[in-house]
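What follows is a single structure, written as structure tokens, with notes after it.
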Amino acid sequence: MYPHLLTLGPFQLLGHAFGPFYLYSYGVCMALALGFSIFLFAKDTGKYIAPKVKLSYEQGFQKAFDLGVWVIICSIVGARVFYVWENHDQFSSMAPTTAMLFNQSIHIPIPEGWWSALKIQEGGLVFYGGLFGAVVSAIVWFYYAKWPYSYCFDLVAPYICLGQAIGRVGCFLNGCCYGNVDVHYGMIFPGGDDQLPHLPTQLWEMAGDLALFFFLLWIRKRTIRFPWLTISLYAFTYGLLRFVIEFWRRSWDKHYLIFFNSASQAVSGILVAVALVAMGFIFFDNRKVKPAKNK
């Protein structure tokens with residue numbers, strides 16, 4: 001694959017060596033994913049939300065970008081925390097280190113591996129952790145800005161799928177998040193743990209996310225008048241998509257919540273169940289009984 005889109009250096013400048021510096025394909029795709037999603041939501045904010053909160057189009061547009069800054073920060077933190085939690089075994093190795101205490105050298109065992117949890121540039125982000133961080137930051141923002149929760153989440157639902165699709169392109173180029181070994185339909189990812197052919201599940205999800213983006217964008221015109229319905233449809237459709245793909249992404253060497261084969265599959269199952277319950281409440285809450293005609 002192409003984890004580095006551009007390499008600059010190494011080079012000499014003023015007698016000092018610099019570089020090499022890399023432009024990572026995953027980072028570029030993540031920037032494009034967040035940029036496009038926030039831009040489209042900002043346009044909708046100026047058009048639909050701003051009049052509801054007594055702001056001009058320009059003010060609503062700008063405030064959406066202010067929100068986007070907090071969403072980006074919290075989503076990165078959440079994505080990394082979820083990854084570290086899911087793969088805690090690789091970060092919990094103990095290694096002795098030497099320290100001076102009262103002029104005496106002593107050995108202190110410290111969890112050296114946990115320091116690498118801060119090295120986000122080496123990879124390791126989980127979407128569901130990022131989604132959780134983004135949702136929490138958005139809820140706090142909407143509360144203080146007094147923006148309508150349901151309307152905002154319903155508007156942004158399609159753009160989450162668009163961002164996911166672009167992000168999966170970054171996963172493919174980076175050679176991560178691939179599927180199980182398959183000698184017939186797999187491909188070799190140079191940056192992977194082995195040199196065996198793996199299923200390109202990143203491209204499967206990218207195609208599914210794009211389909212969901214256009215579907216939700218189309219149906220949002222009809223569902224936006226029912227609070228929480230569009231975002232519930234997103235949770236159901238994406239959760240189902242991810243749940244199915246996880247069967248080909250992870251082997252059954254680990255089990256989460258008894259029978260799920262990955263933490264993401266477990267979250268997907270919970271997401272689908274919660275979405276179904278939410279859509280049931282929305283349906284019964286908005287069902288109108290037609291008055292009987294006088295005979």
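The values are calculated or read from the model by the stated rules, or taken from the named source; none is laboratory data. Values in this document were obtained by computation on a predicted structure and should not be read as measured data. We place every Cβ from the backbone using ideal geometry, glycine too, and count neighbours over all the protein chains shown. Only protein heavy atoms, including side chains, enter the accessible area calculation; ligands, DNA and RNA are left aside. Shrake-Rupley method; radii C 1.70, N 1.55, O 1.52, S 1.80 Å.
Checking ASP253 against (1) over 24 Å from SER37 (Cβ atoms); (2) at pLDDT below 95; (3) part of a helix (DSSP H, G or I), which single condition isn't satisfied? Condition (3) is where ASP253 drops out. Considering each residue of region 4-29, count those that are of a type in the set (Phe, Trp, Tyr) and either touching a residue at least 40 places away in the same chain (Cβ under 8 Å) or under 28 Å from ILE166 (Cα atoms) (or both), and give that number. Qualifying residue count, region 4-29: 4. The residues listed here are PHE214, PHE247; of these, the one that is among the aromatic types (Phe, Trp, Tyr), within 22 Å of GLY129 (Cβ to Cβ) and open to solvent by 50 Å² or more (accessible area, probe 1.4 Å) is PHE247.
The sole residue among ILE258, ILE219 that is modelled with pLDDT under 95, over 16 Å from the mean Cα position of the chain (by Cα) and over 17 Å from THR201 (Cβ atoms) is ILE258.
Tell me, which residue of region 148-174 that is touching a Lys or Arg at 6+ places or on another chain (Cβ under 9 Å) and open to solvent by 10 Å² or more (accessible area, probe 1.4 Å) is nearest to ILE231 (Cα to Cα)? Reasoning before the result, please.
Going through region 148-174, the residues touching a Lys or Arg at 6+ places or on another chain (Cβ under 9 Å) turn out to be 148, 151, 154-155, 157-158.
Still in the list and also open to solvent by 10 Å² or more (accessible area, probe 1.4 Å): 148, 151.
Working: PRO148: 14, TYR151: 9 Å.
Taking the candidates together, the pick is TYR151.
ARG225 satisfies every condition listed in (1) of a type in the set (Lys, Arg); (2) in a helix (DSSP H, G or I); (3) without any contact (Cβ under 8 Å) to a residue 12 or more places away in the chain except (2).
From the list TYR185, TYR178, the lone residue that is modelled with pLDDT under 95, crowded, with 18+ Cβ neighbours inside 10 Å, over 12 Å from ASP209 (Cβ atoms) and of a type in the set (Ser, Thr, Tyr) is TYR178. Applying the set (1) closer than 30 Å to GLY192 by Cα; (2) at pLDDT 95 or above to GLY280 leaves exactly one unmet item: (1).
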